[in-house]
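All remarks here apply to the structure that follows.
The values are calculated or read from the model by the stated rules, or taken from the named source; none is laboratory data. Values in this document were obtained by computation on a predicted structure and should not be read as measured data. All Cβ positions, glycine included, derive from the backbone under ideal geometry; neighbour counts span all protein chains shown. Note: areas computed on protein heavy atoms with side chains; ligands, DNA, RNA excluded. Shrake-Rupley method; radii C 1.70, N 1.55, O 1.52, S 1.80 Å.
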Amino acid sequence: MAAWKKWWISFAMLLQIIVGTVVILLWVYRDEAWTIPVNDWLHSPTGQQFSAGVAAFLIIVALTVMAVAIFRPTTTKQMTIAKDGANKVQIDRQAVEHSLKTSIAKYDLYNPAIKLRMHRHHQKADVTVNGMLSSRTNPEMLHSAIQQTIRTDLKQKFNIDLNKLRINLDPYSHKKSVVIV
């Protein structure tokens, strides 16, 4: 996580700690001379609006922190494929995509495109293959062949397991330009 995100979350949590501490102190020492005017002001219409605003702020901060924690992406652009103490070898997502694209080039696909999502905490990847079938290609056999090729290439070259594979193939169209890898 970036340092500026940590500082903003720490600042928001610090405000919650301060507000919570003040509320607890006002409740514990409610009969003291210094808390009576504060409690009287909190019971006034202005104090009620202030309390509602503080409560809304605390709810928004809590929901924001929960949303960041829940919806934080678990995929990464670089994955560590080997580690030896402080030394580590990382591979870039685009390099893996290019390697997979060249490995499926032996199949009769026009305009092949591969999108890869590497999971941060697991050595797994989700692969999406898009392409256009040629007239010489058997689609039933092509799916299993591409799946096997991608699975073995990921495992042998990068030590990454295949988590999900989606293959989206379109029939050949004369309206689209063709780029052959």
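Key figures for this structure:
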read-out: Where a residue in segment 44-69 is part of a helix (DSSP H, G or I) and its partner, wherever it lies, is open to solvent by less than 40 Å² (accessible area, probe 1.4 Å) and modelled with pLDDT under 85, with Cβ under 8 Å and at least six apart; value: 61/12; 64/12; 65/12
read-out: Number of the exception - residue 10 against (1) in a helix (DSSP H, G or I); (2) open to solvent by 60 Å² or more (accessible area, probe 1.4 Å); (3) over 30 Å from residue 120 (Cα atoms); value: (3)
read-out: Filtered residues of segment 88-141 (kept if more than 21 Å from residue 156 (Cα to Cα) and either among the polar types (S, T, N, Q) or not in a strand (DSSP E or B) (or both)); value: 108, 111, 130, 134, 135, 136, 137, 138, 139, 140, 141
read-out: Number of the exception - residue 89 against (1) of a type in the set (A, V, I, L, M); (2) closer than 30 Å to residue 147 by Cα; (3) surrounded by 14 or more Cβ atoms within 10 Å (Cβ to Cβ); value: (3)
read-out: Of residues in segment 68-90 being at pLDDT 75 or above and closer than 27 Å to residue 12 by Cα, the one nearest to the chain's Cα centre (by Cα); value: 72
read-out: Residues being open to solvent by less than 100 Å² (accessible area, probe 1.4 Å), in contact (Cβ under 8 Å) with a residue 40 or more places away in the chain and closer than 30 Å to residue 90 by Cβ - total across segment 131-176; value: 10
